[in-house]
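Worksheet for the structure shown next.
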Amino acid sequence: MSFYDEIEIEDMTYDPDLQIFTYPCPCGDKFQITLWDLADGEDTAVCPSCSLMIQVIFEPEYIAEKTQAIAVAV
(Lines give C-alpha, C1' and ligand atoms only; values in the text may rest on other atoms or scores of the structure.)
Protein backbone atom coordinates (compact mmCIF):
# COMPACT_ATOMS: atom_id res chain seq x y z
CA MET A 1 0.00 0.00 0.00
CA SER A 2 1.36 3.38 -0.95
CA PHE A 3 0.61 6.43 1.17
CA TYR A 4 0.62 10.03 -0.01
CA ASP A 5 1.99 11.11 3.39
CA GLU A 6 2.22 10.26 7.10
CA ILE A 7 0.29 12.69 9.31
CA GLU A 8 0.32 13.02 13.10
CA ILE A 9 -3.19 12.87 14.52
CA GLU A 10 -2.56 16.15 16.34
CA ASP A 11 -2.32 17.83 12.91
CA MET A 12 -5.78 16.61 11.92
CA THR A 13 -9.10 18.31 12.69
CA TYR A 14 -11.53 16.40 14.91
CA ASP A 15 -15.30 16.87 14.64
CA PRO A 16 -16.81 15.60 17.91
CA ASP A 17 -20.35 15.57 16.51
CA LEU A 18 -19.42 13.27 13.61
CA GLN A 19 -16.56 11.57 15.53
CA ILE A 20 -14.32 11.94 12.49
CA PHE A 21 -10.80 13.21 11.89
CA THR A 22 -10.05 15.11 8.68
CA TYR A 23 -7.00 16.52 6.93
CA PRO A 24 -6.83 18.60 3.72
CA CYS A 25 -6.15 16.65 0.52
CA PRO A 26 -4.29 18.23 -2.42
CA CYS A 27 -7.37 17.62 -4.61
CA GLY A 28 -9.38 20.10 -2.52
CA ASP A 29 -11.40 17.58 -0.50
CA LYS A 30 -10.37 16.09 2.87
CA PHE A 31 -8.90 12.80 4.01
CA GLN A 32 -11.26 11.18 6.53
CA ILE A 33 -11.07 8.52 9.23
CA THR A 34 -13.52 7.87 12.05
CA LEU A 35 -12.64 7.67 15.71
CA TRP A 36 -13.99 4.13 15.73
CA ASP A 37 -11.78 3.03 12.82
CA LEU A 38 -8.78 4.33 14.77
CA ALA A 39 -9.98 2.53 17.91
CA ASP A 40 -10.10 -0.69 15.85
CA GLY A 41 -6.45 -0.18 14.87
CA GLU A 42 -7.06 1.22 11.37
CA ASP A 43 -4.52 3.91 10.45
CA THR A 44 -5.41 4.72 6.83
CA ALA A 45 -7.40 7.87 6.07
CA VAL A 46 -8.80 8.07 2.55
CA CYS A 47 -9.98 10.94 0.41
CA PRO A 48 -13.52 10.38 -0.90
CA SER A 49 -12.77 12.35 -4.09
CA CYS A 50 -9.50 10.86 -5.28
CA SER A 51 -7.32 7.79 -4.80
CA LEU A 52 -4.89 9.31 -2.27
CA MET A 53 -4.47 7.87 1.22
CA ILE A 54 -2.51 9.00 4.26
CA GLN A 55 -1.21 7.02 7.19
CA VAL A 56 -2.34 8.46 10.52
CA ILE A 57 0.29 8.34 13.25
CA PHE A 58 -1.23 8.12 16.74
CA GLU A 59 -0.81 6.62 20.17
CA PRO A 60 -3.53 4.12 21.13
CA GLU A 61 -3.86 5.89 24.49
CA TYR A 62 -4.96 9.08 22.70
CA ILE A 63 -7.81 7.24 20.99
CA ALA A 64 -8.75 5.43 24.20
CA GLU A 65 -9.11 8.79 25.97
CA LYS A 66 -11.41 10.11 23.21
CA THR A 67 -13.62 7.00 23.21
CA GLN A 68 -13.85 6.98 27.02
CA ALA A 69 -14.89 10.64 27.01
CA ILE A 70 -17.73 9.75 24.61
CA ALA A 71 -18.81 6.79 26.75
CA VAL A 72 -18.94 8.98 29.86
CA ALA A 73 -20.97 11.64 28.02
CA VAL A 74 -23.58 9.08 26.95
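The values are calculated or read from the model by the stated rules, or taken from the named source; none is laboratory data. All figures in this text were calculated on a predicted structure; none of them were measured in a lab. So basically every Cβ, Gly included, is an ideal-geometry build from the backbone, and we count neighbours across all protein chains shown.
Restrict the check to segment 4-25 and report whether at least one residue is at pLDDT 90 or above, part of a loop (DSSP other than H, G, I, E, B), in contact with a strand residue (DSSP E or B) (Cβ under 7 Å, 6 or more places away or on another chain) and hydroxyl-bearing (Ser, Thr, Tyr). Yes: segment 4-25 contains one or more residues that are at pLDDT 90 or above, part of a loop (DSSP other than H, G, I, E, B), in contact with a strand residue (DSSP E or B) (Cβ under 7 Å, 6 or more places away or on another chain) and hydroxyl-bearing (Ser, Thr, Tyr). Hey, can you tell me all the residues within segment 45-69 that are in contact (Cβ under 8 Å) with a residue 24 or more places away in the chain and over 17 Å from residue 14 (Cβ atoms)? Correct list: 49, 50, 52, 53, 55.
Among the residues of segment 19-46, the ones that are within 11 Å of the chain's Cα centre (by Cα) and at negative phi come to 19 in all. Taking the criterion of being assigned to a strand (DSSP E or B) and within 12 Å of residue 3 (Cα to Cα), the residues of segment 32-56 that qualify are 44, 45, 46, 53, 54, 55, 56.
For residue 36, the conditions (1) surrounded by 12 or more Cβ atoms within 10 Å (Cβ to Cβ); (2) farther than 22 Å from residue 66 by Cβ are fulfilled apart from (2). Do you know which residues across segment 39-69 are farther than 19 Å from residue 25 by Cα, surrounded by 13 or more Cβ atoms within 10 Å (Cβ to Cβ) and aliphatic (A, V, I, L, M)? Residues satisfying the conditions are 39, 63. Is one or more of the residues making up segment 58-74 of a type in the set (S, T, N, Q) and assigned to a strand (DSSP E or B)? No; the residues of segment 58-74 include none that is of a type in the set (S, T, N, Q) and assigned to a strand (DSSP E or B).
For segment 48-57, state whether one or more residues are at positive phi and of a type in the set (Gly, Ala, Ser). No - not one qualifying residue is present in segment 48-57. For segment 16-29, the set of residues classified as surrounded by 10 or more Cβ atoms within 10 Å (Cβ to Cβ) and either of a type outside the set (Asp, Glu) or closer than 20 Å to residue 59 by Cβ (or both) consists of 16, 18, 19, 20, 21, 22, 23, 24, 25, 26, 27, listed by residue number.
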